[in-house]
Amino acid sequence: MSECGGVNRTKTLNFNIGVLGHVDSGKTSLARSLSSTASTAAFDKNPQSRERGITLDLGFSSFTVDLPDQLRDEEQQYDSLQFTLVDCPGHASLIRTIIGGAQIIDLMMLVVDVVKGIQTQTAECLLIGQLTCPRMVVVLNKIDLLPPNKRQSAIEKMTKRMHKTLETTRFKECPVIAVAAKPGGPEAPDTEEPQGVPDLIELLKKQTYLPQRNPAGDLLMAVDHCFSIRGQGTVMTGTILQGSLAINDTVEIPALKVTKKIKSVQMFRKPVTGAMQGDRVGVCVTQFDPKLLERGVVCTPGSLRTLYAAVISVKKIGYFKGSLATRAKFHITVGHETVMAKVTFFGLPPVGSSEAACDSRTPPSLSCSLEKPFTFDREYFYQDEYVTGQGEASSGPDPEQWALLEFERPVTCPSLCLVIGSKLDSDIHANACRLAFQGRLLQGFEDKSYTETALSNLRIYKTKHKEGQVERVSDDYTVIGRNLFKKETNLQLFVGLKVTLSTGESGVIEGGFGQSGKFKIRIPEGLGPETKQLLSATTKKRGKGGNKGGPGNEEEPKADSQPVGIHLHFKRYVFDPHKKMVQT
């Protein structure tokens, strides 16, 4: 890569196509058959990929075609269209890399083995596409494996099955095309021409649109390959996710905590003076060891943040079968990193009932107003698990919810980036979706000691409800209670808290009574006549009934008489270091 100052940039529109699908569906063969110009990271150059025969990293290649008619009237006046193919790995354990690649593509090609149909990872790739891509083309590959006399009917049958699968997704009625990217399989000689590839190229041209590109804002570039050129510097190849870059700009490599100056820029071996969002580029910077940055991000100095925890919006992925439980650990893909994190789910306070009268297992009401922005100024309700809108009593969209992610190691990422939670340690042979939830990063915690310095600002509360009984009356304004606390409970913590009797009176806990966990309640308004009569009867029953197993007497109350209950409601903030009890 040579110095390239002063070279004018060609008017070529770069359009990124993600090639996704189950392992062995023929994605790399398809990319190879489509491409005329390969970039440094294309076609499984990773030695481990060649050894195992599968794609282990994102492969990039490109080919250029005439600009389609639908793009000719656009103001940008492009004169050609460059398709950049992002060949994503399909092996089960490599789904982290797929998620990273899916965030930089404009259209997805979902490659399906026409003989095997949709498999587990095919479905996962489809889900990732729904989260990240506006358009999709389904490519039924390996049609050469079908018997010639049954080929057309098999293709039609699989096409109908694909349309049926997609009818509830954003890709409803997306085009389906059949090809044989590598007739005879990977080991076959290259003498046989691929089948259906020219038709696929025409279809891709029809599906292109002008992606929203914005050169403004901070630079963020996803780097997928790094190598040095003697006497010139280190080349980083990747795709610009946001912003732009130019020769002589200074960029930061956050993973190495260094800044470097851009010496030259190329787009598929053509020197250019700069590039912008959506472009696939090679950037030569002043020397550093390329082994330190095989994959990662490059950015405007100071624009990325390193986070130890984060608050995200959260939506469960419908195909995930398990529950999303608080305190569980998930693989979190954020930006271009995947890291384990402990998750705490929370939502808006329940509607239609006093906050203090709700049990912590009660889900937030589905009548909560949705799309409320997250803010530290509001109180939130602790959830034992993510709450869906498909409960026994109701059906509808899931209520608005958020999650606190506490990362096992710090992650570097941009604001408002996509977050995907997965269970990648699930059995890779089980026919089950491992993508669990998705969301957007809303608030990050950059302080390593965030649990002490910042979490108390996150006002997530649990509601508590304790029940006891009145044992006896001291006077018209005082009763003695029992069974609300254990013998070893420090009753001083509860002094001053309000309680209500099952008969309607309100009182305040004044302190302990004796050594067995009993306590004294002051009733400021006094006990009502009916309550005094009931308590008197209950006391007589306790005092005279059934002594030594003997029968009761005529002074006992009726059999349906119930003891007077005591109800204590309060809430505690989950991250309050003092664990104070609060009543409203």
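Checking each residue in segment 455-501 for being without any contact (Cβ under 8 Å) to a residue 40 or more places away in the chain and either surrounded by 13 or more Cβ atoms within 10 Å (Cβ to Cβ) or under 13 Å from GLN583 (Cα atoms) (or both) picks out ARG482, ASN483, PHE485, THR489, LEU491, VAL495, GLY496.
Kindly indicate whether any position in segment 150-158 is part of a loop (DSSP other than H, G, I, E, B) and farther than 29 Å from ASP66 by Cα.
Looking for residues that are part of a loop (DSSP other than H, G, I, E, B) and farther than 29 Å from ASP66 by Cα, one finds at least one in segment 150-158, hence yes.
Quick one: ASN149 ticks every box in (1) open to solvent by 20 Å² or more (accessible area, probe 1.4 Å); (2) farther than 28 Å from LYS316 by Cα; (3) at pLDDT below 90 bar one, so which box is it? (3) is the only condition that ASN149 fails.
One residue is enough: does segment 313-326 have a residue meeting the conditions farther than 29 Å from LEU455 by Cβ and β-branched (Val, Ile, Thr)? The answer is no, given that none of the residues of segment 313-326 is farther than 29 Å from LEU455 by Cβ and β-branched (Val, Ile, Thr). Looking at GLY514, GLY526, just one residue is out of contact with any strand residue (DSSP E or B) (no Cβ under 7 Å at 6 or more places or on another chain), open to solvent by less than 50 Å² (accessible area, probe 1.4 Å) and not aliphatic (A, V, I, L, M), and that residue is GLY526.
Restricting to segment 105-131, and then to whatever is polar (S, T, N, Q), surrounded by fewer than 21 Cβ atoms within 10 Å (Cβ to Cβ) and over 17 Å from ARG170 (Cα atoms), can you tell me which residue is nearest to the chain's Cα centre (by Cα)?
THR120
Taken together, the residues in segment 284-324 that are open to solvent by 10 Å² or more (accessible area, probe 1.4 Å) and either assigned to a strand (DSSP E or B) or under 17 Å from SER244 (Cα atoms) (or both) amount to 13.
Screening the candidates MET162, MET136 for the property of being assigned to a helix (DSSP H, G or I) and in contact with a strand residue (DSSP E or B) (Cβ under 8 Å, 6 or more places away or on another chain) yields one hit, MET162. Just to be sure, is SER33 outside any loop (DSSP other than H, G, I, E, B), open to solvent by less than 60 Å² (accessible area, probe 1.4 Å) and either on the phi < 0 side of the Ramachandran plot or modelled with pLDDT of 50 or more (or both)? Yes; evaluated as a whole, the condition is true for this residue. From the list LYS520, LYS571, LYS544, LYS579, the lone residue that is at pLDDT 95 or above and among the charged types (D, E, K, R) is LYS520.
With respect to (1) open to solvent by 10 Å² or more (accessible area, probe 1.4 Å); (2) in contact with an Asp or Glu (Cβ under 9 Å, 6 or more places away or on another chain), the lone exception for ARG230 is condition (2).
Here PRO529 passes the criteria (1) under 17 Å from GLN469 (Cβ atoms); (2) modelled with pLDDT of 90 or more except the one numbered (1). Looking across segment 399-423 at every residue that is within 13 Å of the chain's Cα centre (by Cα) and assigned to a loop (DSSP other than H, G, I, E, B), the one that is surrounded by the fewest Cβ atoms within 10 Å (Cβ to Cβ) is identified as LEU416.
Looking across VAL499, VAL508, VAL473, one residue alone is over 16 Å from PHE570 (Cβ atoms) and part of a strand (DSSP E or B). It is VAL473.
Going by the structure shown, is SER394 farther than 19 Å from LYS316 by Cβ, small (Gly, Ala, Ser) and modelled with pLDDT under 90? No; evaluated as a whole, the condition is false for this residue.
Taking the criterion of being among the polar types (S, T, N, Q) and within 13 Å of ILE521 (Cβ to Cβ), the only residue of segment 484-501 that qualifies is THR500. The strands (runs of 3 or more DSSP E) falling completely within segment 166-283 that include 2 or more residues that are more than 29 Å from the chain's Cα centre (by Cα) and closer than 23 Å to LYS27 by Cβ map to 176-178.
The values are calculated or read from the model by the stated rules, or taken from the named source; none is laboratory data. Treat the numbers as computed from the prediction; the structure is a model and nothing was measured. Cβ coordinates were reconstructed from backbone atoms using ideal geometry, including for glycine residues, and neighbour counts include every protein chain displayed. Ligands, DNA and RNA are stripped out before the accessible areas are found, and what is left, the full protein with its side chains, is counted by its heavy atoms. Shrake-Rupley method; radii C 1.70, N 1.55, O 1.52, S 1.80 Å.
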